[in-house]
1. Mind checking which residues of the stretch 47-65 are buried (at least 21 other Cβ atoms within 10 Å of the Cβ) and within 17 Å of residue 103 (Cβ to Cβ)?
2. Could you say whether any residue in the stretch 51-60 is in a loop (DSSP other than H, G, I, E, B), touching a helix residue (DSSP H, G or I) at 6+ places or on another chain (Cβ under 9 Å) and at pLDDT 85 or above?
3. Taking the conditions exactly as written (touching a strand residue (DSSP E or B) at 6+ places or on another chain (Cβ under 6 Å), in a loop (DSSP other than H, G, I, E, B) and in contact (Cβ under 8 Å) with a residue 24 or more places away in the chain), does residue 197 satisfy them or not?
4. Can you name every residue in the stretch 78-95 that is surrounded by fewer than 19 Cβ atoms within 10 Å (Cβ to Cβ) and closer than 18 Å to residue 38 by Cα?
5. Do we have residue 150 as closer than 22 Å to residue 180 by Cα, within 13 Å of the chain's Cα centre (by Cα) and free of Cβ contacts under 8 Å to residues at least 24 places away in the same chain here?
6. Can you list the strands (runs of 3 or more DSSP E) found entirely within the stretch 102-188 that contain at least 2 residues being farther than 19 Å from residue 81 by Cβ and touching a strand residue (DSSP E or B) at 6+ places or on another chain (Cβ under 8 Å)?
């Protein structure tokens, strides 16, 4: 007697769909173990050791760029960081929808960057993805949240605790929930370098 297989929504599955579902489950298990390992690497005390682990996970980290301790990732690959950029402690980097961070970018501690969210209008509460792009010379203050699909323009400043739901224009200063323009940066041709970070951060 054949017992029909159903998905979480009660829909009956064909044999092909069942096989596909099993494959997806196995890959999800592999990815969970891999992500656990990568997130554990965030506790390693030296930048060079963490960089080796992150590179093996498919993340590109440019020359002189650093991800400080206790970073949290949600997917393998999907991250590209340019040169001379710093990502602070306890930062969440969701790379499921793609995350690009430019050159000379300073991201403070506790920032959360999301590239995936649920479609609250979907009958299945499905996932939707949106790439996040952070252009050169951006500063993102502590505890900021960036939501899927936003672009932070060159030289922009995002104030501490802001929730960014829309694109931020180059060299503008934004803050608040949701983030709104509160000023303009007078520096319009930045050429500075962030330089070397502390060894054990």
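1. 59, 61, 65
2. Residues of the stretch 51-60 in a loop (DSSP other than H, G, I, E, B): 57-59.
Restricting the remaining residues to those that are touching a helix residue (DSSP H, G or I) at 6+ places or on another chain (Cβ under 9 Å) gives 57, 59.
After this cut, where a residue has to be at pLDDT 85 or above as well, the list is 57, 59.
Checked against the condition, which is being in a loop (DSSP other than H, G, I, E, B), touching a helix residue (DSSP H, G or I) at 6+ places or on another chain (Cβ under 9 Å) and at pLDDT 85 or above, the stretch 51-60 yields at least one hit.
3. Values: touching a strand residue (DSSP E or B) at 6+ places or on another chain (Cβ under 6 Å): yes; in a loop (DSSP other than H, G, I, E, B): yes; in contact (Cβ under 8 Å) with a residue 24 or more places away in the chain: yes.
So residue 197 fits the description; yes.
4. Looking only at the stretch 78-95, we keep the residues that are surrounded by fewer than 19 Cβ atoms within 10 Å (Cβ to Cβ), and these are 80, 83, 89-90, 92.
Passing the criteria: 80, 89, 90, 92.
5. Values: closer than 22 Å to residue 180 by Cα: yes; within 13 Å of the chain's Cα centre (by Cα): yes; free of Cβ contacts under 8 Å to residues at least 24 places away in the same chain: yes.
Spelling it out, residue 150 is indeed closer than 22 Å to residue 180 by Cα, within 13 Å of the chain's Cα centre (by Cα) and free of Cβ contacts under 8 Å to residues at least 24 places away in the same chain.
6. Details: elements: 116-118, 127-129, 132-134, 172-175, 180-184.
Of the strands (runs of 3 or more DSSP E) lying wholly inside the stretch 102-188, those with at least 2 residues that are farther than 19 Å from residue 81 by Cβ and touching a strand residue (DSSP E or B) at 6+ places or on another chain (Cβ under 8 Å) span 116-118, 127-129, 172-175, 180-184.
Okay, residues lined up against (1) surrounded by fewer than 18 Cβ atoms within 10 Å (Cβ to Cβ); (2) within 18 Å of residue 100 (Cβ to Cβ); (3) modelled with pLDDT of 95 or more:
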residue: 127; (1), (2), (3): yes, no, no
residue: 135; (1), (2), (3): no, yes, yes
residue: 138; (1), (2), (3): no, yes, yes
residue: 183; (1), (2), (3): yes, no, yes
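The values are calculated or read from the model by the stated rules, or taken from the named source; none is laboratory data. The structure presented is a predicted model; accordingly, all values stated were derived computationally and were not measured. We place every Cβ from the backbone using ideal geometry, glycine too, and count neighbours over all the protein chains shown.
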